[in-house]
Amino acid sequence: MNLLITGGAGFIGSNFVHLILKEQSGVNLVNVDSLTYCGNLENLTSIEDNPRYSFVKADITDNEAMEKLFAERNFDAVVNFAAESHVDRSITDPAIFLKTNIIGAQVLLDLTLKYKVKRFVQISTDEVYGSLPETGFFVEETPLAPNSPYSVSKASADMLVSAYVHTYDLDGVITRCSNNYGPYQFPEKLIPLMITNALEDKPLPVYGDGMNVRDWLHVEDHCRAVWAALEKGETGEAYNVGGSNEWHNLALVKELLKILEKPESLLTFVKDRPGHDRRYAIDASKITNKLGWEPTYDFASGLRQTVEWYLENETWWRRVKSGAYQSYYKQQYDL
Ligand code: NAD
Ligand code: DAU
């Protein structure tokens, strides 16, 4: 299979590249990524010389560059991870979210049709469903009710995929996952920010009352769900992916401090995120029943393993926090 993945230098995309090269010997991967602030080729140094892998620096909204790529390679499938993904940034600068997450998806969808690529997988998010009260779960039939510019852009892309399936017979599948954690996550997101701040004895900024709830899943389990959707998902269907693992933010941050043996005095309550969704919780029974997917990590060991990864990869996160990682592409590719 010749697989195009977009956004493969980011957190989930790079974990997907590692997993597929390790476990799917029949897959050749092309990773197209424009290397925004969160695209980091240092996530991929161990596989960059693998003959089944190649990297192309390009923007998914650049129709000409994308068309060149589709025309040159005979892709069997596209998995679209590329996105602006941080909710806080979408609140201060929505425009780039609409461009990358909506227009980027449209460019890829048009080329998927034009070059008769067999399957398109859109990596979406549980945030498209909006916020839950204290009870209940998101199912695939839950109406889309996004609240942030980020989630609106992701919901728009989902609707575009559905429209292309309906109108043009595109073979498209959507996955909607809950919050991921694991190696290579950019330290602006909750778990890596808290781990790295604690290691530096810096304050841990908890938004509002810290009682917002998120449902955490190990990134490798998300990647396995994406593979299941690519291989076995039914055209036009969306699949929720989650860990049945709800945590209040405050409890989770305290748990990280306990693992790191750092004091709770580092906790700092800060002004809440505007429009902050209160609770997300996924019912993942459809992907389990229809595609046989189940999480393999239990949270206690997955979280410990993640903390250990950040302890063992201090150079990686220090280079991210200092901005030094952005010179890697220049050294490797700009010669
Ligand atoms: P990330 O921000 O870590 O990585 C995004 C990647 O996309 C980066 O490598 C970046 O350089 C690239 N990119 C951004 N704009 C681009 C463009 N215009 N052209 C080409 N490449 C571009 O994101 P992530 O956390 O790995 O998320 C990946 C996908 O999964 C996103 O679509 C996100 O919405 C979705 N998702 C994330 C989570 C999560 O918890 N992180 C959960 C569910 C779904
Ligand atoms: O649910 C899936 C989504 O999870 C993905 O679609 C997004 O791409 C991903 O970024 C993530 O969104 P969240 O907004 O849930 O993740 P974040 O790590 O930014 O925040 C998790 C929770 O922690 C949220 O309730 C806000 C809170 N928070 C976050 C940060 C960065 C804090 O309290 N303090 C912080 O400094």
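The values are calculated or read from the model by the stated rules, or taken from the named source; none is laboratory data. Nothing here was measured: the structure is a model prediction, and the numbers come from that model. Neighbour counts are summed over all protein chains in view; Cβ atoms, including those assigned to glycine, are modelled from backbone coordinates with ideal geometry. Protein only, heavy atoms only, side chains kept; ligands, DNA and RNA dropped before computing areas. Shrake-Rupley method; radii C 1.70, N 1.55, O 1.52, S 1.80 Å.
Output the number of the condition that Val121 fails; it satisfies all remaining conditions of (1) of a type in the set (Val, Ile, Thr); (2) outside any helix (DSSP H, G or I); (3) under 17 Å from Ala58 (Cβ atoms).
The failed condition is (3).
Considering Gly26, Gly39, which residue is of a type outside the set (Ser, Thr, Tyr), out of contact with any helix residue (DSSP H, G or I) (no Cβ under 8 Å at 6 or more places or on another chain) and within 9 Å of ligand 1 (Cβ to nearest atom)?
Every option except Gly39 fails the conditions.
Do we find that Ile123 is surrounded by 17 or more Cβ atoms within 10 Å (Cβ to Cβ), at pLDDT 95 or above and not charged (D, E, K, R) in this structure?
yes
I need a count of the residues in region 85-105 that are more than 12 Å from ligand 1 (Cβ to nearest atom) and not charged (D, E, K, R).
Count: 4.
List the strands (runs of 3 or more DSSP E) inside region 168-228, counting only whole elements, that have at least 2 residues being more than 13 Å from the chain's Cα centre (by Cα).
Because the criterion is at least 2 residues that are more than 13 Å from the chain's Cα centre (by Cα), the strands (runs of 3 or more DSSP E) in region 168-228 that meet it are 172-177, 204-207, 213-218.
For Trp227, all conditions in the list (1) more than 8 Å from ligand 2 (Cβ to nearest atom); (2) within 27 Å of Tyr239 (Cα to Cα); (3) of a type outside the set (Ser, Thr, Tyr); (4) in contact with a strand residue (DSSP E or B) (Cβ under 7 Å, 6 or more places away or on another chain) hold save one; what is the number of the exception?
Among (1) more than 8 Å from ligand 2 (Cβ to nearest atom); (2) within 27 Å of Tyr239 (Cα to Cα); (3) of a type outside the set (Ser, Thr, Tyr); (4) in contact with a strand residue (DSSP E or B) (Cβ under 7 Å, 6 or more places away or on another chain), Trp227 violates only (4).
Cβ-Cβ below 7 Å, separation at least six or inter-chain, first residue in region 263-291 and of a type in the set (Val, Ile, Thr), second open to solvent by 40 Å² or more (accessible area, probe 1.4 Å) and in a loop (DSSP other than H, G, I, E, B): which pairs?
Thr268/Pro203; Ile282/Phe137; Thr288/Glu294
Determine whether region 244-260 contains at least one residue that is part of a helix (DSSP H, G or I), open to solvent by 70 Å² or more (accessible area, probe 1.4 Å) and in contact with a Ser or Thr (Cβ under 9 Å, 6 or more places away or on another chain).
no
Mind listing whichever residues of region 47-67 are under 20 Å from Phe186 (Cβ atoms), assigned to a strand (DSSP E or B) and open to solvent by less than 70 Å² (accessible area, probe 1.4 Å)?
Matches in region 47-67: Phe55 only.
So Asn197 passes all but one of these: (1) open to solvent by less than 40 Å² (accessible area, probe 1.4 Å); (2) closer than 30 Å to Ala324 by Cα; (3) within 14 Å of ligand 1 (Cβ to nearest atom). Which condition number does it fail?
For Asn197, the exception is condition (3).
Looking at region 112-129 only, could you name the residues that are within 16 Å of ligand 1 (Cβ to nearest atom), in contact with a Leu (Cβ under 8 Å, 6 or more places away or on another chain) and either over 19 Å from Met1 (Cβ atoms) or of a type outside the set (Ser, Thr, Tyr) (or both)?
To start, the set of residues in region 112-129 that are within 16 Å of ligand 1 (Cβ to nearest atom) comprises 112, 120-129.
This time we only want the ones that are in contact with a Leu (Cβ under 8 Å, 6 or more places away or on another chain), so: 112, 120-121, 128-129.
Residues satisfying the conditions are Phe120, Val121, Val128, Tyr129.
Of the numbered conditions (1) without any contact (Cβ under 8 Å) to a residue 24 or more places away in the chain; (2) out of contact with any Asp or Glu (no Cβ under 6 Å at 6 or more places or on another chain), Glu234 satisfies every one except a single condition; which is it?
Failing condition for Glu234: (1).
Contact list please: Cβ distance under 9 Å, first residue in region 177-196 and more than 14 Å from Asn40 (Cβ to Cβ) and of a type outside the set (Gly, Ala, Ser), second residue crowded, with 23+ Cβ neighbours inside 10 Å and at pLDDT below 95, pairs at least six apart or on different chains.
Hits for this filter: Asn179/Gly243.
Is at least one residue of region 264-287 open to solvent by 90 Å² or more (accessible area, probe 1.4 Å) and assigned to a loop (DSSP other than H, G, I, E, B)?
Yes: region 264-287 contains one or more residues that are open to solvent by 90 Å² or more (accessible area, probe 1.4 Å) and assigned to a loop (DSSP other than H, G, I, E, B).
Does any residue of region 68-78 turn out to be open to solvent by less than 40 Å² (accessible area, probe 1.4 Å), within 27 Å of Gln326 (Cβ to Cβ) and away from ligand 2 (no atom under 16 Å from the Cβ)?
The answer is yes, given that some residue of region 68-78 is open to solvent by less than 40 Å² (accessible area, probe 1.4 Å), within 27 Å of Gln326 (Cβ to Cβ) and away from ligand 2 (no atom under 16 Å from the Cβ).
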